[in-house]
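Notes follow once the structure below has been shown.
The values are calculated or read from the model by the stated rules, or taken from the named source; none is laboratory data. Since the structure is predicted, the reported quantities are computational estimates derived from the model, not experimental observations. In this analysis, Cβ positions are derived from the backbone assuming ideal geometry, glycine residues included, and neighbour counts consider all displayed protein chains. Protein only, heavy atoms only, side chains kept; ligands, DNA and RNA dropped before computing areas. Shrake-Rupley method; radii C 1.70, N 1.55, O 1.52, S 1.80 Å.
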Amino acid sequence: QEGVWDSDEVAGTFQAASRPALAMRGPALATGLVRALSDTLIYTAWNGSSWTSIAPVGGAITTGDTPALASGSTGEAHATFHGALTDFHYYARHDGAEWNPDDEVVSASDVDSFGPSAAAIAVVDDLPLVVYAGDDDNLYVQTRGGAGWTEGLDISGARSVDETPAVTALAAGAEGDALVVFAATDTSLQWTRRDGGTWSAPLPIEDALS
């Protein structure tokens with residue numbers, strides 16, 4: 001049966017400076033996130049029948065790039081965004097009622113993650129995982145667990161990367177638990193997969209245009 005699209009206007013006046021990010025927190029619950037023209041990080045939430053009015057994620061929280069969202073099985077939306085005044089990567093979590101944390105720096109052992117472009121995020125086994133290009137143009141990954149963020153892992157062979165990659169969690173039963181696709185500066189599109197905690201050597205996607 002052919003589906004029917006419904007539409008509604010989100011309350012609140014703003015001008016977007018990025019495409020929106022969207023994550024489902026449940027079968028009928030969602031969080032949307034976007035960068036406003038003022039660089040303010042703003043959001044809305046879907047409760048199953050309507051969207052909440054646009055509001056800032058937190059006081060004076062800004063971003064200089066397109067934010068990213070992902071969700072797992074815990075009913076929360078996990079976000080990452082690139083600082084507007086710094087190149088740091090930040091993390092935020094939305095449970096439908098509030099953001100907590102709302103601007104946590106992705107950091108381990110007093111080393112803050114940073115790079116020329118925004119990070120990507122996925123939730124793997126209910127743990128947020130961010131992937132980003134470093135200032136050295138290598139690709140890095142960090143996971144947030146109960147003890148905080150793991151140290152930045154340089155994915156071996158993922159080089160000449162300065163744009164935001166893509167990452168997704170793989171379904172149960174698949175070979176591996178996370179998949180990353182990234183564009184190298186030589187215009188090749190490549191992929192790598194994590195299996196048993198180890199990332200595979202990046203391989204080109206044949207005939208793909210980046």
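Miscellaneous remarks
- Relative contact order computed over segment 105-156 (Cα-Cα under 8 Å; 6+ residues apart), in percent: 30 percent
- Lys, Arg +1 and Asp, Glu -1 on Cβ, resulting dipole of segment 1-105 about Cα centre, debye, nearest 20: 60 debye
- In sequence order, calculated HN-Hα J values of segment 173-187 (Karplus, 6.51, -1.76, 1.60; Hz; x Gly/Pro): x, 6, 7, x, 10, 8, 10, 10, 10, 8, 9, 8, 5, 7, 6
- Percent of Cα pairs in the chain per distance bin of 5 Å, from zero to the largest separation: 1, 7, 15, 19, 19, 16, 12, 7, 3, 0, 0.
- Within-14-Å neighbourhood charge of S200 [Cβ basis; K, R +1; D, E -1]: -1
- Taking 0.36 nm per residue of separation and subtracting the current Cα-Cα distance, fully stretching the chain between M24 and L85 would add 19.0 nm.
- Across the chain, C-alpha contacts under 8 Å between residues 6 or more apart give a mean separation that, scaled by the residue count, equals a relative contact order of 11 percent.
- Taken along the Cα-to-beta-carbon direction at a fixed 7 Å, the label points for D207 and T150 span 3.5 nm.
- Pair D8, S73: separation of 7 Å Cα→Cβ label points (nm): 3.0 nm
- Take every Cα pair under 8 Å whose residues are at least 6 apart in sequence, average their separation, divide by the length of segment 1-52, and the relative contact order is 29 percent.
- Three-way shape call for segment 92-189 based on the alpha-carbon gyration tensor, with the a/c threshold at 1.5: oblate
- Distance between the modelled labels on S38 and S109, one decimal in nanometres: 4.0 nm (7 Å Cα→Cβ projection).
- Since only S113, G157, G96 are under comparison, the one whose Cα sits farthest along the positive direction of the charge dipole of segment 74-210, derived from C-beta charges on Lys, Arg, Asp and Glu, is G157.
- The chain - accessible surface per residue (Å², probe 1.4 Å): 52 Å²
- The packing ranking of peptides 188-194, 91-97, 105-111, highest mean first, is 188-194, 91-97, 105-111, where packing means the average number of other beta carbon atoms within 10 angstrom of each residue.
- Linear extension gain, R159 paired with W51, 0.36 nm per residue minus alpha-carbon span: 34.8 nm
- One Cα centroid belongs to segment 133-210, the other to segment 22-101; the line between them spans 23 Å.
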